[in-house]
Structures are given as C-alpha cells and as structure tokens.
Amino acid sequence: MTGKKLDSLDRFLRSFARTGGAEREHATELARMSAEAIGAVIEEIDEGVLIADANDPHLRLIHANRAFETITGYSRDDVIGKNCRYLQGSDRLQPEIARMREAISELKPIAVTLRNYRKDGSLFWNSIRLFPLPASGPKTYVVGLIRDVTDVHLSAERIDRAEHHDQLTGSLNRYTFVERLDALSMRSVQLPVIVKINVAQFQDINTSYGFDVGDALLQQTAQRLQALGPDLIARTGGDEFAIACLADGREQALAWLNRIGIALGQRFTLPGASIEVRFATGFVIGQPGGNAISLLRQAGTALHHSRGTRLREVKEFEAADQRRSVQRQRMTNELQQAVANGEFLFHYQPRVDLRTGTIIGAEALLRWNHGVFGLQRPDRFIELAEDTGLILDIGHWGRCEVARFAAEVNKHRQTPLHFSVNVAAIELNHRDIVASVEDAVKKNGADPAWLTLELTERMLAEETPKLIAMFHQLRELGVGLSIDDFGVGYSSFRYVDRYPLTEIKIDRGLVREMPQSAAKRIIIGAVIEIGRELGFDIVAEGIETEAQRDALKAMDCPFGQGYLFGAPVEADVFKALAEATLESKA
Ligand code: C2E
Ligand code: CA
Ligand code: CA
C-alpha cells in the first residue's frame with residue numbers, strides 16, 4: 001500500500017472513530033492507532049472492503065482487501081484505479097444499480113443486493129453496503145462492504161418459488177397471479193389484457209397417452225407462453241393457464257392474442273407422441289387499474305364460452321356474459337335455498353325385462369321443483385350444482401331418498417325392484433360415497449342389493465388405486481355398479497375389467513341410430529356379447545320404438561328402458577304402476 005493511500009485511509013478511519021457513538025470514549029485511543037495497524041485489521045475482515053474517493057467522478061478504487069479478492073476472484077492489481085462496474089458484467093438492468101448510483105451522488109448510505117459476476121464469469125449475489133466517510137467535508141470517501149450471499153439468496157428463491165409457483169410448469173400459481181396483476185394494473189396507464197386458455201380434451205390425452213405425456217404437454221404449453229414474454233403467466237387449474245400483458249390499445253391486445261394462437265397452434269412433440277392440440281381461449285381487455293379478481297373471472301367466463309363452441313373459437317368477454325354470470329350467481333343462491341328447503345325430488349323411469357315386459361326396477365332421475373318456474377330437469381341445474389359443490393349435498397340426500405323409496409316399494413314384494421341412481425363425477429373425489437351409501441341403506445332399512453350406482457366412463461378414466469379400492473368397497477357393501485352412456489367414448493371397453501362393475505347401460509344415441517346403422521348394430525351386438533361373457537347385466541336405454549325393442553330382443557339384450565315402456569314419473573305413480581303389474585301377474 002502506498003504512503004498516500006495509507007494516509008487517506010488513516011484519516012478516514014479517524015473520522016470513522018469519531019462517528020462511533022457509544023464507543024466515543026475509545027475514539028481517541030483508536031485514533032492513535034497507526035494506519036498500518038488499521039490496514040492490517042481491514043485486511044483480516046471477512047467482508048470485502050473497498051474504498052473510493054467520493055470526489056472522483058469515476059469513483060475509482062483506491063483500496064480493496066483480501067476478502068474482496070476471494071469473493072470476486074479479481075486481484076487488487078486488476079481493480080485498483082478502476083470503477084467497480086465490471087462486477088455487473090452485462091447484467092445492467094437491475095433497478096438496484098440506479099438506486100445505488102443515486103445514493104452515491106447524494107452521499108447517502110445504501111444497502112442493496114445485486115447480481116454480480118466473478119472474474120471467471122460465474123454469478124454471485126452480492127450484498128453491498130455503501131456509506132460515505134466522513135458524511136461531509138472536503139475529502140469524502142465512499143466505503144463499500146460486500147458479502148457473497150448466493151446461498152441465502154438461492155434458498156430464499158427456492159422458497160419463493162415453492163410458495164408462488166406451480167411446481168410442474170414453473171409458472172405462477174393463481175393466488176400470486178392475482179396479487180401481481182393487481183400491482184401491475186395499478187401502476188400502469190396501459191390496458192391490462194387477460195387471456196385464459198385451456199387444453200381441449202386434456203383428460204383424453206392423459207388417458208390415451210399417459211400422465212407423463214399430459215405433464216409434458218402442460219410444461220411445453222407454459223414454455224411457449226413464457227417465450228412470448230408476457231407480463232405474467234400462471235397455471236390456474238389442471239389444464240388451464242392465465243396470461244396477462246399490457247397493451248396500448250385494442251389493436252395491440254388482439255395482436256397479442258394472435259401470437260398466443262400461433263404459438264400454441266404448432267404441433268407438440270412429446271415423449272412418444274407428436275400431437276396437435278386444440279385450446280379453448282377466452283380473454284378480456286380491461287381498463288387501467290382494473291381489479292384483478294374480476295378481470296380473471298371475466299376472462300374465465302369468456303373461456304367457458306369458448307369451451308362451449310365445437311371448434312373452441314376465441315371468445316372475448318362481453319356484457320352479455322356479465323348478465324349470464326349474474327344469472328348464474330342468482331341461480332346458485334336459489335339452488336342453495338332449494339337444498340335447504342327440500343325442493344328436490346325424484347321421478348322414476350321403469351326398466352323392464354325385454355323378454356316379458358315386466359318392470360324390474362327404475363332409474364331415479366332428479367327434478368327440482370322451482371318455486372316460480374316449476375319442475376326443472378337436470379340439464380338446467382346439474383352442471384351448476386357440480387361447479388358450486390352443491391351436488392355433494394344433493395347427492396347424499398338423493399341416495400337416502402332412493403333407499404327410502406326402495407324400502408317402501410319393496411316392503412310387500414316377493415321379488416324386489418332395483419333402483420338406479422346417478423352419481424356426479426366430483427362426488428367421487430369429494431365425498432365418501434361408501435359411507436354415504438352405507439348411511440342411506442342403514443337409515444332406511446334397505447338392502448344395498450336394491451341399489452345400483454350409475455357412473456360414466458369419464459369418472460373411471462383416472463384409474464387411481466384409491467378409486468379402484470372404493471369400487472371394491474362398494475361391491476362388498478352389496479350395491480350394483482353400472483357404467484352409464486356406454487359406447488359414447490371410444491375407450492369404453494378399457495374399463496370393464498379394471499373395475500368391479502355389474503352392469504352396462506348402452507347409450508341411447510347408439511339405440512336411436514341402430515335401425516338405420518349396421519355399424520351401430522354391430523357395436524351393440526358386441527357390447528351385449530362381451531357383457532354377457534363377463535357376467536354383466538345389460539340395459540339398453542332410450543328405447544322409443546318397437547323396431548328398436550325388437551332388434552334388441554333379437555340380439556338377446558336382457559333389459560331395456562325408454563319412453564316406449566314409460567317416461568320418468570312421480571314416485572307415487574311409479575309405485576302404483578309397479579303394484580299394478582304385480583297384480584296383473586298374480
Ligand atoms: P342419464 O343418466 O343418461 O338419464 C337418462 C335421461 O334420458 C333422462 O333425462 C331421461 O328422462 C331420458 N330418457 C329416458 N328415456 C328416454 C327415451 O326413450 N328417449 C330419450 N330421448 N330420452 C330418454 P333426464 O331425467 O333429463 O336426466 C338427464 C341427465 O341428468 C341424466 O342422464 C343424468 O346424467 C343426470 N341426472 C339425472 N338425475 C341425476 C341425479 O340424481 N344425480 C346426478 N348427478 N345426475 C343426474
Ligand atoms: Ca343414468
Ligand atoms: Ca344414460
């Protein structure tokens with residue numbers, strides 16, 4: 001160290017001692033220490049120390065200690081006489097750099113953490129404290145203390161990622177998206193554009209290609225969206241993403257949308273598959289400062305709209321959607337009331353033995369007796385009840401009601417009637433169906449064998465051990481398990497030997513087209529054949545004509561259901577019907 005530098009260091013440390021507050025008593029003592037000794041102390045400190053002359057417009061270093069060399073990999077010869085900027089490499093767009101520069105020009109202390117680069121080019125997180133010494137005066141120094149906090153920073157970043165990001169795709173989670181969208185929209189005069197997309201038929205992709213492929217598809221989708229450089233991207237649901245960006249106007253917003261469409265339109269190359277994927281897309285162009293939650297909800301409504309179109313057209317949120325969503329809200333409230341007020345009931349549609357025409361049981365079909373609009377069929381409310389989770393309450397009530405009715409009807413019968421009841425998909429995940437059925441039969445003194453649960457293929461697609469175990473428990477309990485709308489999906493047969501099922505219900509679409517279509521007749525024939533081999537009951541549903549019935553009979557289909565034999569009717573009417581056939585037989 002040259003004499004001149006030591007001299008300045010000496011003076012700076014004297015002033016350092018003067019500012020020592022509680023240690024003032026020792027200040028004079030310290031001031032008497034030789035510059036040499038102080039230099040030696042600085043040399044031993046673990047933190048990197050650097051000193052520059054505050055009056056030097058280039059802020060060239062006049063001193064650096066050994067720890068500085070260790071942390072940065074630069075030797076003192078490399079750095080003395082130069083500005084420290086080289087530590088930033090080309091990574092200059094860090095907001096903290098500007099803050100630091102400002103503090104130096106105003107001779108104010110500051111602490112920042114920057115991405116810096118060692119001599120070998122490797123990144124490290126540098127925690128820097130800068131302060132002027134003395135705080136004023138003709139000769140002022142800028143003293144810097146630096147510490148490598150890479151480890152701390154990386155683990156903090158990891159925690160931050162876990163809290164705010166989706167693990168699979170690395171995009172934000174919904175909660176963080178909303179939080180950041182709010183911040184983004186508040187501080188900008190541009191228009192927030194929120195786009196929501198979702199993979200069409202994701203479940204089918206998972207089922208046909210496997211979950212690895214499904215996961216890879218989601219990851220690539222996120223990467224493609226990310227590459228467009230949006231302000232925010234989040235995975236908001238299983239196969240659903242939200243993207244937010246700012247636009248100067250409508251034209252720019254639409255250009256954005258176009259880019260998203262192009263990016264997702266390319267084929268996806270996935271492990272063992274190269275596929276074209278269709279996405280439903282909904283978007284909303286908000287106003288500056290728009291509320292994030294409602295923007296996201298509006299984009300969601302538009303997405304819902306897009307999903308309803310056959311070709312998954314891109315849909316923009318419109319005021320009409322707003323009205324619809326208000327209506328949905330109103331109906332949700334009404335549904336809630338309906339559950340509380342017991343406005344639900346069942347109609348029963350007879351199922352018959354095709355050979356003899358006798359009634360062997362019924363399917364219980366849910367109805368809502370709406371105070372103003374009268375009797376409502378399920379297609380008016382089931383979807384909403386599922387979306388809102390209200391179906392969970394309705395479902396359990398329903399199983400109890402059907403068990404009660406079965407017990408009432410079968411009380412004096414020698415051959416009991418069997419009752420089928422539909423189960424909604426979300427009930428399998430959110431409700432202990434086994435406990436629900438057990439409760440229903442016990443409470444009403446019904447035999448579990450009188451009940452059959454109707455499920456659709458979609459519900460069986462997941463094939464988790466938990467689901468399969470649940471089916472076995474239901475069978476042990478004694479209830480029947482039927483696969484409804486059989487033949488609609490192309491993978492129907494996949495499930496017949498994986499689950500302990502007891503019945504197949506041939507979809508009414510197949511039955512309807514049977515007289516005209518040889519292909520449909522062949523399919524139905526195969527279903528009946530295979531079903532019989534596997535010991536299933538086979539029911540054809542939606543039989544409306546004698547021609548359909550006769551064809552099914554000719555194929556040895558044992559059971560049928562449809563308007564030809566009887567529409568769904570009120571419980572009392574069904575009971576009378578069942579007793580009448582019993583009497584006529586007797
Ligand atoms: P699904 O299980 O396929 O029920 C059969 C539907 O076909 C019933 O409509 C029935 O009225 C109708 N149908 C019966 N015979 C014929 C026929 O000969 N021709 C034609 N074209 N249609 C016929 P519904 O009662 O409107 O029920 C519609 C759907 O609502 C049901 O389809 C089922 O998926 C669902 N659903 C009904 N009740 C419940 C329930 O208690 N819980 C749940 N989760 N869903 C239910
Ligand atoms: Ca059904
Ligand atoms: Ca059906």
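So the values come out like this:
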read-out	value
Residues satisfying the stated conditions in the stretch 431-458, i.e. within 23 Å of ASP485 (Cα to Cα) and within 14 Å of ligand 1 (Cβ to nearest atom)	ARG431, ILE433, VAL437, LEU451, THR452, LEU453, GLU454, LEU455, THR456, GLU457, ARG458
Residue check for ASP447: without any contact (Cβ under 8 Å) to a residue 12 or more places away in the chain, in the same structural domain as GLU363 (by TED's automatic domain parsing) and on the phi < 0 side of the Ramachandran plot	no
Selection count where residues are closer than 14 Å to ALA567 by Cβ and either within 16 Å of ligand 2 (Cβ to nearest atom) or surrounded by 15 or more Cβ atoms within 10 Å (Cβ to Cβ) (or both), scope the stretch 532-546	3
Test: residue in the stretch 501-513 that is more than 16 Å from ligand 3 (Cβ to nearest atom), touching a helix residue (DSSP H, G or I) at 6+ places or on another chain (Cβ under 6 Å) and in contact (Cβ under 8 Å) with a residue 24 or more places away in the chain	no
Options GLY489, GLY480; residue that is within 16 Å of ligand 3 (Cβ to nearest atom) and at pLDDT below 90	GLY489
GLY560 vs. criteria in a strand (DSSP E or B), within 15 Å of ligand 2 (Cβ to nearest atom) and either under 22 Å from GLU363 (Cα atoms) or without any contact (Cβ under 8 Å) to a residue 12 or more places away in the chain (or both)	yes
Failed criterion for ILE538 (all others in (1) closer than 24 Å to LEU474 by Cβ; (2) among the aliphatic types (A, V, I, L, M); (3) modelled with pLDDT under 95 hold)	(3)
Only listed residue being surrounded by fewer than 21 Cβ atoms within 10 Å (Cβ to Cβ) and within 15 Å of the chain's Cα centre (by Cα), chosen from ARG187, ARG174, ARG180	ARG174
Tabulated pairs, the stretch 466-486, first assigned by TED's automatic domain parsing to the domain that holds GLY535 and closer than 14 Å to ASP432 by Cβ, second away from ligand 1 (no atom under 14 Å from the Cβ) and among the aromatic types (Phe, Trp, Tyr), C-beta under 7 angstrom, 6+ apart or interchain	PHE471/TYR499
Pair list, Cβ under 6 Å, 6 or more apart: the stretch 268-291 residue under 13 Å from ALA244 (Cα atoms), other residue crowded, with 20+ Cβ neighbours inside 10 Å and at pLDDT below 90	GLY290/SER185
Whichever residue in the stretch 332-351 is buried (at least 20 other Cβ atoms within 10 Å of the Cβ) and away from ligand 3 (no atom under 16 Å from the Cβ) and, among such residues, is nearest to GLY542 (Cα to Cα)	PHE344
Some residue of the stretch 514-525 being part of a strand (DSSP E or B), of a type outside the set (Asp, Glu) and not assigned by TED's automatic domain parsing to the domain that holds ILE205	no
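The values are calculated or read from the model by the stated rules, or taken from the named source; none is laboratory data. Everything numeric here is computed off the predicted structure, so don't read it as measured data. Here Cβ is always computed from backbone atoms with ideal geometry, including for glycine, and neighbour counts include all displayed protein chains.
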